[in-house]
Each structure stands twice: as structure tokens, then as C-alpha cells.
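Everything below concerns the one structure shown next.
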Amino acid sequence: MSSGAAEPDLLAEAERLVREAIEQGEESAPGRELRAKAAALRVQVIGKRSYPVVVCQGCFGVTGWLSSEQRCDACLREEQLEAAYRDPHGGWVSVAAAHVQPSREPKPESATLRGRLMGLKHPGEAHQRALVTAWMTRVRPDETGPIAPEDGYQVEVARRDEVEAADGSGMLIRFHAATARFHAGAWVDLQTTRIPRHELLAATEMPASLAAEQIVDAWGDFRAAVDAFNGRAWAAGAAQRETQRQADAAHEDAMREQRGALELLDEN
């Protein structure tokens, strides 16, 4: 992605335009014009890539594929669903998601034969090692999350799937983010994401007909955009966490100093 001192200014201006569009009505003519300008600024920040980077004229999201109507696949599917609901002779409307081939992740060490054998010899050490191993599959300590595993901590993860385009023109590779929560020593994927699409500086759909190198580049950039969000989220919360830690420590010190004051009073 592009670099330089102007990048933060462009992103700040894009955010301002989005806020103004919301105030004026996102689907009003002025609102759509503002959203289009914001999207153009995001494309400018992304810069020239080896793969297509275009803007959907429906949702103004950044993508790598557009239909002949200049709509992304997500917008096309939404429009098709709404049209089916409006059709009085359309019959049954299926709201099931299109068939996809989701990505697969390797099993953590604790699930392998070696991990199980080590667990039999040193159960306490094996549990802690498995906990840290699972934690570090999603977190870079003190860069995108706490140093030690923390139950309930959330990060965004990049996901990909493959589906036939809504207009039937070919296959698409789709990227999306999902929130993962650390719970009981493992990451649990949720069905939602904390990243608004207009904040994601990466294309979210690619035609499968692209060269493999282009698809790999697009996937790498998408993962980097999700990782950057995690870094910003951790940096934003780190100061607050440190303030809370200092307040808790001061409270503990005060309680420690005050304990035993009753012993100064003689009942005789």
C-alpha cells in the first residue's frame, strides 16, 4: 500500500466525508456523492497494485471485481434477494448463503500426536505450552494483543472462500474479516466483525480467473489490512489498560497499608 505523510490526512478526510454522508443520509444524492469521494480517497491510499482495485457503485466498498452494472458480488446478491421478495409470482425465496469452500487452518500442536504424548509426561507444562501456542497463532505479543494469553480477548482474522459470481460470469475469491475470541485455551470464531467495510483498506473480491500471483498478492494485502486493524485496536486500548493496571496497583497498595490498623487499638 502507498506510504507517505499524506496517507493519514487522506484517511482522515475519507472518514470525515463518511460522517458527513451519514448526517445527510447515506442513500441521498449528496450522501452518495460524499461516499464516492471517500472511496476514491481510500483507493488512492491503497495505490497501484498487481490486481484490480475498483469501487462498487452500490455500496462504495473497495473490491477487485465488478459486474456489468458496476456492482460488487455482495450488492448483486442483496439486489437479487430484494427483487425476489418483491416478485408476487416468485414463489419460495431461499435466504441460504451461497455454497462456499472455506479456508482450513492447521490443527494446533496440542492436537497432534507429539502434543498428546508430551501431555502425558508433563501435563502442566504441556497445557501451558498449548495455551501459548494457541494464543500466538492469532496474536503478536504487545503488537496486536497482550503478552500473556487472556481469556475473552478478541482479534480480527482474515477469512477467504470461493463462490460462483451472482451474475454467473465466473468464480470469485471472496475475502472477509471475522472476530475471534480467546476462550478456554482456544480461539472461537464469531459470525460478526468489528471492522466496518469502509475502514478496510483492501479489496474484498477477486475473479478466480486472475493469475495466481495476483490472487496471492490480494490475499496478502487483505490479511495485512486486518492485521493493521488489530494493531490499531491494541494500541488504542493499551494506554487505557495501563491506566487501569496502575489504578489497581495503587488500590492494592493502599489496602495493604491500611490492613492491620485495627491492631493499633488496645481493647484493655
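Coordinate-derived values only; no laboratory data. Because the structure is a prediction, the values reported are computed rather than measured. Reconstructed Cβ throughout: ideal geometry from the backbone, glycine too, with neighbour counts over all protein chains shown.
Sort 72, 59 so that the residue with the fewest other Cβ atoms within 10 Å of its own Cβ comes first and the one with the most comes last.
Ascending Cβ contact count within 10 Å gives the list 59, 72.
Sort 71, 16, 77 by Cβ crowding within 10 Å, fewest neighbours at the top.
On the way: 71 21, 16 13, 77 17.
Neighbour counts put them in this order, fewest first: 16, 77, 71.
Using a cut-off of 13 Å between beta-carbons, work out the net charge of the residues near residue 219 (Lys and Arg +1, Asp and Glu -1, residue 219 not included).
Working: positive: 49, 159, 160, 174, 223; negative: 161, 162, 205, 213, 217, 221, 227.
Result for the local shell: -2.
Tell me, what is the percent relative contact order of the stretch 115-268, built from C-alpha pairs under 8 Å that lie six or more residues apart?
20 percent
What is the sum of charges, Lys and Arg at +1 and Asp and Glu at -1, for the other residues whose Cβ falls under 10 Å from the Cβ of residue 49?
Numbers: positive: 48; negative: 217, 221.
Result for the neighbourhood of residue 49: -1.
How many nm separate the modelled label positions at residue 245 and residue 78, each set 7 Å beyond the Cα in the direction of the Cβ?
Computed distance between label sites residue 245 and residue 78 equals 4.1 nm.
Going by C-beta contacts inside 10 Å, put 133, 63, 192, 144 in order with the fewest on the left.
Fewest-to-most Cβ neighbours within 10 Å comes out as 192, 133, 144, 63.
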